[in-house]
Each structure stands twice: as structure tokens, then as C-alpha cells.
Amino acid sequence: MAARAPSAPRRLLARLREMMARGTASLPAFVHLLAGELVSEVCSIYVLRPGEVLLLVASEGLNPEAVGHTRLRLGEGLIGLCAATATVQNLPDVQNHPAFAYRPETGEDRYASLLAVPVRRAARILGVLAVQNRTPRLFTEDEVEVLETVAMVLAELLAAEAGAEAAESRLDRRLAARFGGAALVPGLAIGPVLPLGPLWRHGGDASPPRLLADDPEVERARLAAAMGSMQAGIDELIAGAALSGAGLTEGVPDAPREVLEAYRLIATDAGWMRRVQEAVRSGLTAEAAVHRVAGELHEGMRRVADPYLRERMADLEDLAGRLLAALQGDRAPPTVLPGTILLARRLGPAELLDWQARGIAGLALEEGSAHGHAAIIARALGLPMLAGARGAVDAAQPGDLAILDADEAQLILRPEPEARAAYARASVARSAQAARWEVLRERPATTRDGSHIQLLLNIGLPVELAQLEATGAEGIGLFRTEIAMLARGAVLDVDEQTTLYARVLDAAAGRPVAFRTLDLGGDKLLPDAEATGEANPAMGWRSLRVGLDRPAVLRRQLRALLRAADGRALAVMFPMVATIAEFRAARALLQAEAAQCTRPPARLRVGAMLEVPALLWQLDALLAEADFISVGTNDLLQFLFAADRGSPRMAQRYDVLSPPMLDLLDELVRRAAAAGVALSLCGEAAGHPLEALTLAALGFTSLSMSAGGILPVKAAFAALDLAALRTVLATIRRTGRDEPSLREPIAAWAREQGISL
Ligand code: PEP
Ligand code: MG
């Protein structure tokens, strides 16, 4: 492929357009045209076949016998690498490249340089388009751009050829299918599904209507107009949220406004706009240019492990969808039938709010993380949500019936009649149960034999403050201060933090609140977080460790907390304390800030989270110095059993209700009681009825949990004879010493007692 006059790409695209329009396009004609127009000695097409094999299906320049025979596994050789990683391979000397996989039948040993681009459609890799030259050289950026544009046209051609196969695979789409994943927001929804392709928005298609521009100037103007209208749309969305003040407007909660503000910044980011503009300059229509950039983003996302970077990219994908909708004149959105379950690969925050306003009842995403923007909003809206349901979008037809059982982390598509009937019954029972729980809201959590257990909330966003009233919780046992910052994508300044914390204290109206200082790092990263390059970030430079090494941020947070308290009582707890020295250093920072405070708190309580096992061996010192301790079983379990809390494979393996953990907690309760130090537990375990009963039997009198746990746990306590469970638990622990978990015998006893778990 030699350097060409600037008009060459345009002529090539014009000829391709002609070929496609006349219907004479075939793969051999395609490679022939390309090799000629690009003056390259070889032009080849590899297509991805079932079994992850790339087959050479057309070539101009390689030995004809190789066509239909030469195969490479995904990831094998440079072509395989291009497809597996969806990245352009631009190499001046392939023969000496370590990844080169030589196939003698092709005769390609004569060619030195290679430019291979992935062929993708609707974010799926279909194959690879490659050109080769004898002379060793690096291809220019313009050449790469042209070949990528041509690859989009090729993708349409391949998709048309695959039409017959697709019709066959549609036959499978009548059978029931189950998808697992991670439940990000619990709940149950039964209804028709609405599957969204990667860029399917507001009635748009999976691929752009036209790929090649007749007049690039016209496309440039269309793009500029659409960008303006998209940004105006986002401004409107934010204004709508802003109008809501502290409350809600028509289903738009105000807290996600922070998310939307961050989103607006991304929308005005010049980088991705420029990429779309460049794609238009390369000869694509505005729609095709957006598709191309979005496709690249999607692929980029697959390669990025960092969850927060992935979320940023998801936002960009969401924006690409909005831009397409603007280009297509915002066609009428599809009707959302009652109970609709939305299926999508990923979803951005603004889009989720749009769909929620149209009445969806739940959503299942193929990707997405618990701390992602969509999850934060779904949680705030109480929409059942499943993530990681891979393959669900393609397996579904619009209108198929589905059951989204986010409690059990599964999506059942086209359920069999028996499953349908069982879930319909469960849904009725659930409504009845919710009504029964309602009456418990006003009552304190008391066991049948009269013991009171304080139930507190774990929250992190202002919108969740409404849960104080909704659940009748007695206070906030864990305010995760990092969540609002993660939602915003940046550390809030002192004034912003002060406003937020004051709002929390106002809403609590005298009820206890334990503010936990920033617990960032590990999987909770802000976009501009310092890269630590650690192999095990959960055990690395995170949380309080960062706070102590870089005290400026922690001190500002402590100042904001003291200002927010403004003379009221304040409780601050430090996360991930591993040694008493760390606790003392953190407390000293707090005391230094308090000493400078004009209106110090009426009562300042300083606590530690107990989530690193080593601290248990400095417990006497801690009990002598801390005002309270809160056990974080999520981390404690992971460090006790050396089992990653985020790994689905570890999820069922080690149990809070196991002899080592129960022994540990038992001893902790006894020693804290002897020292007169308040003890609570705020790991997820506290919100599960069976665990909550067991913890109460061990002697915990305060538990802090997600909002969804409060009423079920209260209901379980109301049916519990605590004294009886204490006796039974002692026996179960004695006889089950060597068991990996005591869950079953405890649950069996609870069921016998008629306690609903
Ligand atoms: C815990 O580790 O149990 C805890 C409550 O903290 P987080 O889940 O925020 O790490
Ligand atoms: Mg923790």
C-alpha cells in the first residue's frame, strides 16, 4: 500500500458505494478492488467461524489454494491477535515478530509489512481485514483510517452473507434460557423483555442506515447539529433533576444529579467528539462515524480492568446512543409495556433514568459493576438489577416473557409454564409479605422473648436518607463517604462535603450516625486515582493507609465532618485499621482538626472498623482507646479466609456462619462487653435474617445493614425466641466444630420455629 494522493480514499469509497448499491459486492470482488485502489500487494479477509477459528475466505495476493483452508485460532498469530484484542496491528516487519504464525500454504513469507484491522459490527468481531506489502514500512495514520472505514463496509457485507445462518440460530430463541450474574439490586420482576443492542436507542437499528457519505460537508453539519441537540438534552435532564431540590420529581431522584453532572462533563469532553469528527472526515456518514467510535470504545472497555475507567467508557457509549438518536431526529421511543425488563449490554446513567421514566420494572445487564453509575441509580430507584448476564441480549426477542429474580441472581428467559406459575405465586406471596412487614416499620426490632436489637442503615448517598423513614431504622450505622465521590467521579471539596454531611445529620434528626472516612482504593477508584500497579490492590495501598500517608485529603474530610456537626454529636470511624498505631495516628488527625474547630461537637466518638484480622491481637489496646467498634464482615471474611470478596467462585465457599468466624465474633462480643465498648456489625451479613439471628444469639445488640434488610430482619426477630437459639447454637457449635459451615443446622432450627428466612 503506497502513499496515495488525498483523493484516493474518496475514490475507493465511491467505488465501494457503487459496488454495494449495484448488489455486485462479493468478497473476491472486495479484495480485488481494495488491493488495486490501495496499491497493496496482498489484501485478505479472515472471517471468525464458530469455535473461535479465523478462516481465510478471500485474498488477492496470497496463494489461491490457501483460501478456504488457512485457519488461525483466535489469538493465534498477528491476525488472531488483531481479532482477539480488537486492535489494529500495524507492523513493518512481521517475519521477525514473536507472534507471527507462519502458514506455508499462503506464501506470505515474501511480505514484510502488515496492516490488519478488526472487522466488527454492533460491537461484535466478525473477522479481520489485512493488507500486506513486501517493503518493510509502518502504515500511515491516514492509511489505517481508510482501512478501518473499509472494514465497516465489509462488516455489512459479511452480515448480509451470514443472514441465512442467523435465521437458523433464531430457532433456538424459542427455548427457555437461564442467565446467572451478580444481583446488584435485589427484587423480582416478571414481564416482557426489551433487548437493546449495543447502540440500539430510541428505535434505532443495530447498524447505521448508510455508511458512506455522499457529501462529507453535509455530514459534518449534521453531526454538529446533533451534538448541539444532544448536549441541550442533557442540560434539560439535569435541570429536571435540579428542580427536584431535595426531593423527587416524577421519578428523577436528586442524588443521581451528581452522577449526571459528571456525565455532562464527559459529554463536553473534546476527545471523543474529535474522534467522531475525524471518522466523518474519513468519508463515513455521521451515523457510521458514531457507530465506529462507539464500537472502539466498547472494545476498549473489554480490555480495561479498572471498573471506574470502564464506567467512564460506558458513559461514552451511552452518549454515543444519544448522539445517534439526535441524528435520527429522536424517533418515537418504543412503547414500554407494564412490567418490562430491560436487557442491555451496558447502560449509562441518563439512559437508565429515561427508561425508568418510561416504566421499566427491572433490568439485566451483560456487564456493569456494583459501583457503576447504572447500579447507583438503580439502587436509588429500587429497580431490581442483575449484572453479568452474558448472552442475554442476543438470546432474547422483544416481547419474550422473562423472570428477573435478582434475589437469586438469575434471569429466566421464556420460562417453562411450571417456573412461570411458581414465580407468579412467589410474586403474590411477596406482595403479601411486604404488606405484613409494613406494620413492623414503626416498631423497634424486638425478639419474641423481649430483647431489643438496634437496627441501623448502611448508606452512602443522600437519596438513601429517605430509607430512614421508609424502614424505621434507628440510625445510620455506616455512612460510606466514598460513595458520593465515586458517583461524582471526584473528591468533593470541603464545602461540598460539609453540606452533604450536614444533610445526613439533619435527616437523622438526633438518631446516631457513624461516618466512615474515605475507603477508596482496591476496587473503589476515582478516575484520577494514582496508579499503584499493585497485583493485589484489595490488600494494597488503600483506604486508611492512603489517608495516613497523604493526610491532606483525610484532614479535609475530618474538617468537613466537624463543620457539618456544628456543635452536634459526631461519630467518626476509620476503615481498614490493621494496627493500633494506625488507629492512634488517625485519631490524632481528628483531634487536631477538632482542636481548631470553632464549634466542636457536643460529643465526639471515635471508632474503628474491625475488618483486618491482625487487629484482634491488639484488641485490648483498641478496646481501651476506641469509643466503638464496627465489624466489617465483608472484608474480615475475605482476609480471614484469604478469599477475594469479589470473586463469584469464592462467594459460596467460605461462610460467616462457620466455626472460625463464629468463634472470632463470640470472643469479640465478650471482650467488648467486658470493656464496656459499643460493638456493632455492618457487613452485608447483618442484613440476612439467618445471619442476623445468629449474631444476636452471639450477643450482638446492634446491626447495621442495607435498607432492604431492615424489615425482613425485624420480622425474623419478632418470631425469635432468642434464649432458645442461644442454647441451640451452643450445641450446634459444639457438635459441628469440624464442619465448614453451620448454616444448615441453624436454618433447620429457624424453619422449625416458623421463622421466615
Ligand atoms: C465490610 O468490609 O464489611 C464493610 C462494611 O465495608 P465495605 O463493604 O464498604 O468494604
Ligand atoms: Mg470493608
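The values are calculated or read from the model by the stated rules, or taken from the named source; none is laboratory data. This one's a predicted model, so the numbers in the text were calculated from it and none came from an experiment. All Cβ positions, even for glycine, are placed from backbone atoms using ideal geometry, and neighbour counts span all protein chains on display.
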Task: Residue among Ser451, Ser543 that is of a type in the set (S, T, N, Q) and crowded, with 22+ Cβ neighbours inside 10 Å - done: Ser543
TODO: Look at Ser704 and say whether it is more than 27 Å from the chain's Cα centre (by Cα), within 16 Å of ligand 2 (Cβ to nearest atom) and touching a residue at least 40 places away in the same chain (Cβ under 8 Å).
DONE: no
Task: Hits in the stretch 586-620 (condition: away from ligand 2 (no atom under 16 Å from the Cβ) and outside any helix (DSSP H, G or I)) - done: Gln596, Cys597, Thr598, Arg599, Pro600, Pro601, Ala602, Arg603, Leu604, Arg605, Val606
Open item on the list: For the structure I just gave you, tell me whether Leu657 is away from ligand 2 (no atom under 16 Å from the Cβ), buried (at least 16 other Cβ atoms within 10 Å of the Cβ) and in contact (Cβ under 8 Å) with a residue 60 or more places away in the chain.
Closed with: yes
Task: Qualifying residue in the stretch 95-109 (condition: in contact (Cβ under 8 Å) with a residue 60 or more places away in the chain and surrounded by 21 or more Cβ atoms within 10 Å (Cβ to Cβ)) - done: yes
TODO: Identify the single condition in (1) at pLDDT 85 or above; (2) assigned to a loop (DSSP other than H, G, I, E, B); (3) surrounded by 24 or more Cβ atoms within 10 Å (Cβ to Cβ) that Arg390 does not satisfy, given that it satisfies every other one.
DONE: (3)
TODO: Looking only at the stretch 67-83, count how many residues are touching a residue at least 24 places away in the same chain (Cβ under 8 Å) and of a type outside the set (Ser, Thr, Tyr).
DONE: 10
Open item on the list: Step by step: first the residues of the stretch 665-708, then only those that are out of contact with any Ser or Thr (no Cβ under 8 Å at 6 or more places or on another chain) and modelled with pLDDT under 95, then the one that is nearest to Leu619 (Cα to Cα). Which residue is that?
Closed with: Met705
TODO: Return the pairs, sorted by first residue and then second, in which the second residue is part of a strand (DSSP E or B) and within 13 Å of ligand 2 (Cβ to nearest atom), the first residue lies in the stretch 476-497 and is more than 17 Å from Ile376 (Cβ to Cβ), the beta carbons are less than 6 Å apart, and the residues are 6+ apart or on different chains.
DONE: Gly477/Ser704
TODO: Mind listing just one residue for me: the one in the stretch 564-576 that is farther than 12 Å from Arg516 by Cα and buried (at least 20 other Cβ atoms within 10 Å of the Cβ) and, of those, nearest to ligand 1 (Cβ to nearest atom)?
DONE: Ala564
Open item on the list: I want to confirm something. Restricting to the stretch 536-550 and keeping residues that are charged (D, E, K, R) and part of a loop (DSSP other than H, G, I, E, B), which single residue is farthest from ligand 1 (Cβ to nearest atom)?
Closed with: Arg550
Open item on the list: Yes or no: the stretch 323-330 includes at least one residue that is surrounded by fewer than 20 Cβ atoms within 10 Å (Cβ to Cβ) and at pLDDT below 75.
Closed with: yes
Open item on the list: Checking Thr735 against (1) surrounded by fewer than 17 Cβ atoms within 10 Å (Cβ to Cβ); (2) more than 38 Å from the chain's Cα centre (by Cα); (3) touching a residue at least 40 places away in the same chain (Cβ under 8 Å): exactly one of these is not met. Which one?
Closed with: (3)
TODO: Among the candidates Arg448, Arg425, Arg430, single out the residue that is of a type in the set (Lys, Arg), at negative phi and without any contact (Cβ under 8 Å) to a residue 60 or more places away in the chain.
DONE: Arg425
Open item on the list: Checking Leu486 against (1) farther than 22 Å from Thr701 by Cα; (2) away from ligand 2 (no atom under 16 Å from the Cβ): exactly one of these is not met. Which one?
Closed with: (2)
Task: Among the candidates Phe583, Phe641, residue that is within 16 Å of ligand 2 (Cβ to nearest atom) and touching a residue at least 40 places away in the same chain (Cβ under 8 Å) - done: Phe583
Task: Residue satisfying all of: in the stretch 583-616; of a type in the set (D, E, K, R) and more than 16 Å from ligand 1 (Cβ to nearest atom); farthest from the chain's Cα centre (by Cα) among these - done: Arg599
TODO: Please find, among Arg743, Arg726, the residue that is basic (Lys, Arg) and more than 35 Å from the chain's Cα centre (by Cα).
DONE: Arg726
Task: Among residues of the stretch 471-487, those that are of a type outside the set (A, V, I, L, M) and over 20 Å from Ala564 (Cα atoms), counted - done: 3
Open item on the list: Quick check on this structure: which one of Leu297, Leu316 is assigned to a helix (DSSP H, G or I), modelled with pLDDT of 65 or more and more than 21 Å from Asp354 (Cα to Cα)?
Closed with: Leu297
- [ ] Only one of these is out of contact with any Cys (no Cβ under 6 Å at 6 or more places or on another chain) and modelled with pLDDT under 90: Ala29, Ala66, Ala58. Name it.
- [x] Ala29
TODO: Only residues that are closer than 18 Å to Val42 by Cα, among the hydrophobic types (A, V, I, L, M, F, W, C) and touching a Phe, Trp or Tyr at 6+ places or on another chain (Cβ under 9 Å): list them for the stretch 119-155, please.
DONE: Val119, Val128, Leu129, Ala130, Val131, Leu147, Val150, Leu154
TODO: Check whether at least one residue in the stretch 630-641 is closer than 29 Å to Pro537 by Cα, part of a loop (DSSP other than H, G, I, E, B) and touching a Gly at 6+ places or on another chain (Cβ under 9 Å), and report yes or no.
DONE: yes
TODO: Select, from Arg220, Arg173, the only residue that is modelled with pLDDT of 70 or more and farther than 30 Å from Ile710 by Cβ.
DONE: Arg220
TODO: Output yes when any residue across the stretch 426-439 is part of a loop (DSSP other than H, G, I, E, B) and surrounded by fewer than 24 Cβ atoms within 10 Å (Cβ to Cβ), and no when none is.
DONE: yes
